[in-house]
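J.: Let me begin by handing over the structure; questions about it come next.
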Amino acid sequence: MASVMTATAGNFLQDVDITWGGPRAKILDGGRHLSLSLDKDSGSGFQSKQEFLFGRFDVQMKLVPGNSAGTVTTFYLSSQGGSHDEIDFEFLGNSSGDPYTLHTNVYSQGKGNREQQFHLWFDPTKGFHTYSIDWSPESIKFLVDNIPIRVFHNWENIGVSYPKSQPMRAYSSLWNADDWATRGGLVKTDWTQAPFTASYRNFNANGCVASSGSSSCGSKFSSTLQGGAQSGLDAKSRNRLRWVQSKFMIYNYCTDHKRFPQGIPAECRRPRFL
């Protein structure tokens, strides 16, 4: 099956389709900027025009300011179907003055339950920051302003499923989730503050486009993107990862022994900082 390495143009008009929300999603400035809005009737979202099997995906976002409780802003990769793969950034809003919660998860063959959550070391509503997913056959890296906050390694050799065969699109959305997003659903969305708006710029996808289904993207990606996602973290990046996880991680499924009374998942018993 055919595959080709490609990099998007950084222009929303060329790179994405508005998928829902109608006029609540706006492409601005000739494709240089995009905004998503949420009101009581609907949220909004977009998706990449192309599907990718491995790659580096970056977007700069400025999140909903003020009282964003009940709202969720997302940037994620996903395939289709019940046994889908998915790699998630979800930004859970909060009451004015309280920090956002950055929720991450990895699904493989329809199974997730691999959540890690963080607070950020800056106010994500004051300016644009870069959020990146670096997906290779060997690992998935989540990065904020090019600082790694999480690495999920491929541990298929010990029976842990890993997303590697289903092409995925990049998606983003802004929607109401006040039944669970803020303090477990205790804090509801204040619709007097609507519309809620998140802003985007500089979406880039540098990856392998598969013409249909699985392809040669794995070998092509590893041999083409030298120093990219397939590489392990260098010493500076490992130190930054340790710093984020020691100072800003607020939930880690690997340490939730009440949730896994029969024992934590197998990947949690492997080294975290490779």
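The values are calculated or read from the model by the stated rules, or taken from the named source; none is laboratory data. Quantities reported herein were computed from a predicted structural model and do not represent experimental measurements. No Cβ is skipped: glycine too gets one built from the backbone with ideal geometry, and neighbour counts run over all protein chains shown. Note: areas computed on protein heavy atoms with side chains; ligands, DNA, RNA excluded. Shrake-Rupley method; radii C 1.70, N 1.55, O 1.52, S 1.80 Å.
J.: Could you identify the single residue in 21, 81, 93 that is out of contact with any Leu (no Cβ under 6 Å at 6 or more places or on another chain) and surrounded by fewer than 16 Cβ atoms within 10 Å (Cβ to Cβ)?
T.: 81
J.: So in segment 96-114, with the set limited to residues that are open to solvent by less than 30 Å² (accessible area, probe 1.4 Å) and touching a residue at least 40 places away in the same chain (Cβ under 8 Å), which one is farthest from residue 269 (Cα to Cα)?
T.: That would be 101.
J.: Check residue 267 against each of (1) in contact with a Cys (Cβ under 9 Å, 6 or more places away or on another chain); (2) loosely packed, with under 13 Cβ neighbours inside 10 Å and name the one condition it does not meet.
T.: Single failed check for residue 267: (2).
J.: Also, I was wondering about something else. Would segment 257-269 turn up any residue that is of a type outside the set (S, T, N, Q), in contact with an Asp or Glu (Cβ under 6 Å, 6 or more places away or on another chain) and at pLDDT 95 or above?
T.: Within segment 257-269 (the criterion being of a type outside the set (S, T, N, Q), in contact with an Asp or Glu (Cβ under 6 Å, 6 or more places away or on another chain) and at pLDDT 95 or above), the answer is no, since none of the residues qualifies.
Here's the yes/no breakdown for (1) open to solvent by less than 10 Å² (accessible area, probe 1.4 Å); (2) among the charged types (D, E, K, R); (3) more than 28 Å from residue 15 (Cβ to Cβ); (4) without any contact (Cβ under 8 Å) to a residue 12 or more places away in the chain:
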position	(1), (2), (3), (4)
139	yes, no, no, no
142	yes, no, no, no
146	no, no, no, no
151	no, no, no, no
163	yes, no, no, no
184	no, no, yes, yes
187	no, no, yes, no
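J.: How many residues, within segment 248-273, are aliphatic (A, V, I, L, M), closer than 22 Å to residue 147 by Cα and in contact with a helix residue (DSSP H, G or I) (Cβ under 8 Å, 6 or more places away or on another chain)?
T.: Qualifying residue count, segment 248-273: 0.
J.: Right, here's the next one. Would you tally the residues in segment 62-94 being of a type outside the set (Ser, Thr, Tyr) and farther than 30 Å from residue 160 by Cβ?
T.: Here the count works out to 10.
J.: Here is a further query. In segment 157-187, how many residues are under 16 Å from the mean Cα position of the chain (by Cα) and in a strand (DSSP E or B)?
T.: Residues in segment 157-187 being under 16 Å from the mean Cα position of the chain (by Cα) and in a strand (DSSP E or B): 8 in total.
J.: Anything in segment 189-202 that is open to solvent by 50 Å² or more (accessible area, probe 1.4 Å) and within 11 Å of residue 61 (Cβ to Cβ)? List them, or say none.
T.: Within segment 189-202, 201, 202 meet the criteria.
J.: Next question, about the same structure. For the condition open to solvent by 10 Å² or more (accessible area, probe 1.4 Å) and part of a strand (DSSP E or B), what is the one hit in 40, 26, 126?
T.: 26
J.: While we're looking at this one, here's another question. Would you check which residues across segment 56-78 are part of a strand (DSSP E or B) and either open to solvent by less than 40 Å² (accessible area, probe 1.4 Å) or small (Gly, Ala, Ser) (or both) and list them?
T.: 57, 58, 59, 60, 61, 71, 72, 73, 74, 75, 77, 78
J.: Of all residues in segment 244-258, count the ones that are among the charged types (D, E, K, R), open to solvent by 80 Å² or more (accessible area, probe 1.4 Å) and over 21 Å from residue 143 (Cα atoms).
T.: So the answer is 1.
J.: Still on this structure, please answer the following. How many residues are more than 15 Å from residue 152 (Cβ to Cβ) and either in contact with a Cys (Cβ under 8 Å, 6 or more places away or on another chain) or of a type in the set (A, V, I, L, M) (or both) if we restrict to segment 232-254?
T.: Total satisfying the criteria: 2.
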